[in-house]
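These notes concern the structure reproduced below.
Derivation of every value follows stated rules applied to the coordinates shown; laboratory data play no part. Since we're looking at a predicted model, the values are computed, not measured. Counting neighbours? That spans all protein chains shown, and the Cβs are built from the backbone with ideal geometry, glycine included.
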Amino acid sequence: MAAADQEPHASTVRPRSYRDESYLHGFLGTVCDLQKAGVLQDVILEVEGRRFPCHRLVMSAASPYFRAMFTSDMAESRQKTVVLQGLGAGVFGEILSYIYSGTLHVSLDKVQPLYQAADLFQLDYVIDTCSSYMAMNVERSTCVDLYKFADVFSIDTVLKRCLQLMDKNFAEVASSEEFCSLSVHQLTEIIIHDELDVKEETTVWEAVVRWVHHSREDRQHHLPSILPHIRFNLLTSDDTAAILENPLVRENFASAEVIRNVVQRGNFNTKPRLGMTTEMALVYNATRGFRELLFMNPREGKYISCSYDAEDLPRLSPMIVTNDNNIYILETKDLDDENQLSLSKYNHAKNVWEHECLSSISKGPVPDHGLEGYEEHLYEVDQILYHIAFDGFEQSPLLVMRKYHWDTKQWQKCSQLQLETTDYHAALSCGSHLYFLTSTKVHRYDPSQDRWCKRTLPMIIPEVCTAVAMGTKIFCTDSGFTQTLVYNTMSDRWQKLHGLPNPGDFDMYYCPSLFVLENQLYILLTCSNDRKEEENTNESEEEIEKLVYVYDRSADAWRDLKASLPHNKFYIAYNSQCPVARIYLPYLNGT
C-alpha cells in the first residue's frame, strides 16, 4: 500500500489521575454524621467516667496512638470499652470533635491540656495550632506560665516568644508571684540572657533573692550554682560588698566563696545587659594624623571621642556592626607587596581593637590610577559577612564581591556586577538581600541564588550619596540633601519625604550620612561657611559646622537637634555610612 494510503498513527493517550475534593469533604461529613447518629460505633472510650462511643477505623486513621492500640496484640484491641487515663473529659471531647469534623476550638484556658492530649495522640495539626495560639497570646500576665509549659514540652516558638517578653519586662515579671514558681533551671536560663532590659545588675540579684526567699529552706542550696550568672563586673564594689553581707550569702559559706572566687579571678561575663547599653553611631575623625572614633547619640546628647593606636585602627576604613553587636573594621596589610586585607574586631570591655584570626583576602591589583576612587564595603546578611570592592574610576566599573564562611574560615567569590556608570552610589544590606543604588538603577543581590537583579528605578534624584535601611525600607538622599526618597523593598515602590531642613548659609562640605538610632531616622551634615575675620578685610577662614537632624514621621519633617558635636575635630562617616552599635558607656569612659 502506498504511503499516502496508510492510516495515521493514533496519538498516544496517557493516563491521568483525578481528585474529587467534594468527595473528600463529603466523606468526612458523612463520618461525622455517623458519629452524631451513633451508627456503626464499635468501641467506647471512657475518660473520667464519661463514655465516648467511637469507630475504631476512624480513630486509627486519625491517630498513630489509636492505630497502635487497635491494630496490635494489646488488650485494648479486643475490649469493647477502653479507659483512658490522664485526660480531662472536656479536653477529650474537643479532640474527638476535631477527629470527626476537622474543626478545633482553642482558648487560653484549654490550650495547654489540648496540647498535652495532642502530644499523646500524635495529632500534628493540633500540636502546631496550639503552639501558634500560645505564641500569639504571650503577655506579661501569661509569659511565666506559658514559659514553664513550653519548657517541659520543648516548644521552641513559645519559649522564644516568652523569653523575648521576659527580657523586655524583666523587672515587672520578676516581681510577680508566678516568677517564684520557676525551677532553678528555668530561673538560670532567664538570668543568663544578654538581652535583659535592666539598667543595673542589682535588679537581677534582687530577683534571685526574691526567688530564694519564696522557699528558702528548699532553695538556698541552689544559690552557689546561680551566683556565677550574676555579672559582678557590672556591679560597684559597694554593691558586691552588700551582696556578701546579705544573710543568704553570709550564712552560706559556699555562696560567699563563689563570689570571692569570681571577683578575684575575674573569670566572669563582661558583656553588659541590653538595658545597660546605649545605641551609638560611630564616625571617624578625618583630621590627618588622628586615630579617633566618635561614639554619638544626638538624641541623648552623648558624644564620646576615643583614641586608638595607629597600628590598631586603620584610618577611614570600612566598618560593620553585626547582628550580634560585634564591630569589625577592614584593614590593609602590606599594601605595596602582599596587598592583603584582614579584619580587626572591637573589644567592648577593653575599648581596644584586636586583630581577628580570620583568613586574609586578596584585594587584587592596585588600579593604575592608585587608590583614589577605589571603594570597599563590609556587610552582613543572615550572619554571613560580605566584602564588596568597587573601582569608580573605570569606564565600565565592576563590583567584585566575596563572602566569608565562619565555619570554614574561608572567603568565597560571589557573582559580580557589571555597572554602566560611575555615578554616585550607595550600597547596603536590608533584610536577606544586598542593594546597590545609583541615581538611575537599583540592583539587588539574592544570596540564596548568588544572583543580581534589577528592581524598580528610583524617582529622579541627582545623585545617591547615602542610604540606610530601617525595617524593610531603604532611605536615601543626595550629596546636597535636596531630596530624600524611601524605597519599600517588599512592594518594590518609591516615595518622597517632605520637609527637608534648610542648613542656612552653610554649603555641604562633605556628603551627608543617614543613620538609624532607636528606630528613628537621623542625618549628619558637615557644612562649611566662609566668614570674614574682620569686617573691613577680604580675608576669610573656612568654618566647619556639624548638624544633626531627626526625621519626625508624624509631621513628615526634619527637625534640627541642635547637636553639640565636638567642633574642633572633623568627624565623618566612611563612604557616608554610620554603623550603629549598642555600647556600654562605662567601658568607653574607662570605669
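Quick look at the values:
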read-out	value
Listed candidates (i) 28.9; (ii) 42.8; (iii) 49.1 - label of the one calculated as mean projected area of the Cα convex hull in nm²	(iii)
Cα-centred dipole magnitude for region 34-136, charges only on beta-carbon of K, R (+1) and D, E (-1), debye, nearest 20	340
Under Karplus coefficients 6.51, -1.76 and 1.60, residue-wise ³J(HN,Hα) of region 285-300 in Hz, glycine/proline x	8, 8, 5, 4, x, 8, 10, 10, 10, 9, 9, 9, 9, x, 5, 8
Per DSSP, loop trypsin sites (Lys or Arg not before Pro) in region 123-188 with at most 15 further Cβ within 10 Å	140
Interchain or long-range residues, amide H under 5 Å from residue 279's placed H	583
222 nm mean residue ellipticity, helices alone, for the chain (DSSP H n ≥ 4; -39,500 (n - 2.57); rounded to 500)	-7500 deg cm²/dmol
Region 176-265, dipole about Cα centre (Lys/Arg Cβ +1, Asp/Glu Cβ -1), debye to the nearest 20	340
For the chain, with +1 on Lys and Arg beta carbons and -1 on Asp and Glu, the positive-most of 483, 93, 498 along the dipole	93
Largest-first principal axis extents, alpha carbons of region 21-103, Å	37, 28, 21
Dipole of region 203-271 [Lys/Arg +1, Asp/Glu -1 at C-beta], most positive-end residue of 233, 205, 222	233
Order of 95, 127 under a 10 Å beta carbon neighbour criterion, fewest first	127, 95
Listed peptides 427-436, 442-451 by packing density, highest first (mean Cβ within 10 Å)	427-436, 442-451
Estimated dipole of the chain in Debye, rounded to 20 [Cβ of Lys and Arg +1, of Asp and Glu -1, Cα centre]	1980
Ordering of 132-138, 281-287 by packing [mean C-beta count within 10 Å, highest first]	281-287, 132-138
